[in-house]
Every structure is written in C-alpha cells, then in structure tokens.
Amino acid sequence: MNGGIVEMAAAQYGTTAKWLHWLMVAVLIAQYSIGWLMPDIHGTMTPGSPMIWHLSIGVLVLALAIVRLSWRVTHPVAPDPSLPPYQRIASGVVHWLLYVLVLLTCLSGWLFASARGWKVLWLFWLPLPMLTPKNPVLLKQIDGIHQVCEWALLATIAAHVVAAVVHQLHFRDGIMRRMLPRSSAAR
C-alpha cells in the first residue's frame, strides 16, 4: 500500500462494490420514479410529501455516491485486459461520468431547493443545512440545471446498461458478470 491507496487494481469487483452498485441502482429507480410522478414546481408552492421524499432520497443518493466514489478510489478494479483499447477508454469515461453526474444532479437539486427557500428535511424530520439562503436571482440563474443533469445522467445510465447488455448478449465476453452478485469474472 502507498498512502492508503491500493497500488494494484483488482481483476474484478468485490462484494462491497457490487452491493454499493446494486443499492445505487435501486435507489435511483425509486428517485426517478418519484421525480416523474410528483407535481411540477410552480411559483411559491411549498414542498409536499412527494417533494420531501424526492429531496430525502436525493440526499441518500448523494451520500451513497460519496461512499461509492471513496470505495472506488481506494479499491480500484482494472479494466478487463481482453477489451480493445477503445472499449477500456469508453468504459472508464462512462464510469467516471456517472459519478460526476450523480454528484451534480444531487447537489443542483439541493441548491435549487435551498434557493427557493425550502427547508430541506431528510425523511420528514432531520433538517439539512441550506446550501444558500432564499435567493430568487440565483434561482433564475440555476433554473433548469437540475433537469439537464438528471437527463444527462439518465442518458449515461442508458449507455452503461446498453453496453453491459451488448457485452452479455453479443460479445459474450463475461464483462457483465464482473458486477453481478455471486459471480466471478471467470469465463
């Protein structure tokens, strides 16, 4: 070890990485579902139950993303050596883009709620700090950023899923098995 960072990358994802991945999948499915089902935000409305759930799950996603990112940095996994270089590069770009977009989506949503003057309660009881005081000027400047981030994240997730399915069904190279529970990367 060198300064707490693993020197050599593992050949496959470990149990913790797999659990964090699939937990994030489940939480993001819940988050997108609530986001699409809740009413649109208008004028001076106050957040109702769907919005409080959306904000609460957003904070959970943010915390989970930080844990996942910390785990990934301290427990790197080498790209499969059988992949062509362009696929190794694309895989790395998509994985890091997923982390960046999850963080940006969560933070922009929290900032948007703060700029609206909404008191952000985690699970209806724990007040979270405001990232900014109520600020109509900032609200106009950042309006739409959260939506752009969430759509960019969804598109990147779709690319990630399509790539995994293509590897499973077309290439049949075992790449998807690296992240499946109770599996090894062995072919």
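Read-outs: derived from the displayed coordinates by stated rules, not from any lab. From a predicted model like this one, the values you see are computed outputs, not experimental measurements. Neighbour counts run over all protein chains shown; Cβ positions are idealised from the backbone, glycine included.
Going residue by residue through segment 44-55, is there one that turns out to be of a type in the set (Phe, Trp, Tyr) and under 22 Å from residue 160 (Cβ atoms)?
The answer is no; no qualifying residue exists.
Pick from 70, 33, 82, 91: which is under 27 Å from residue 162 (Cα atoms), small (Gly, Ala, Ser) and assigned to a loop (DSSP other than H, G, I, E, B)?
Just one listed residue meets the conditions, 82.
Looking at residue 99, is it surrounded by 12 or more Cβ atoms within 10 Å (Cβ to Cβ), of a type in the set (Phe, Trp, Tyr) and within 28 Å of residue 174 (Cα to Cα)?
In short, yes.
Of these, 102, 73, 77, which one is under 13 Å from the mean Cα position of the chain (by Cα) and touching a residue at least 12 places away in the same chain (Cβ under 8 Å)?
One residue alone meets the criteria, 102.
Of 122, 110, 118, which residue is of a type in the set (Phe, Trp, Tyr), over 30 Å from residue 167 (Cα atoms) and in contact with a Gly (Cβ under 7 Å, 6 or more places away or on another chain)?
Among 122, 110, 118, only 110 is of a type in the set (Phe, Trp, Tyr), over 30 Å from residue 167 (Cα atoms) and in contact with a Gly (Cβ under 7 Å, 6 or more places away or on another chain).
Looking at 109, 58, 117 in this structure, which one is surrounded by 13 or more Cβ atoms within 10 Å (Cβ to Cβ), at positive phi and not polar (S, T, N, Q)?
Selected residue: 117, the only one of 109, 58, 117 that is surrounded by 13 or more Cβ atoms within 10 Å (Cβ to Cβ), at positive phi and not polar (S, T, N, Q).
Which condition number does residue 132 fail, the rest of (1) part of a loop (DSSP other than H, G, I, E, B); (2) polar (S, T, N, Q); (3) under 18 Å from the mean Cα position of the chain (by Cα) being met?
Exception for residue 132: condition (3).
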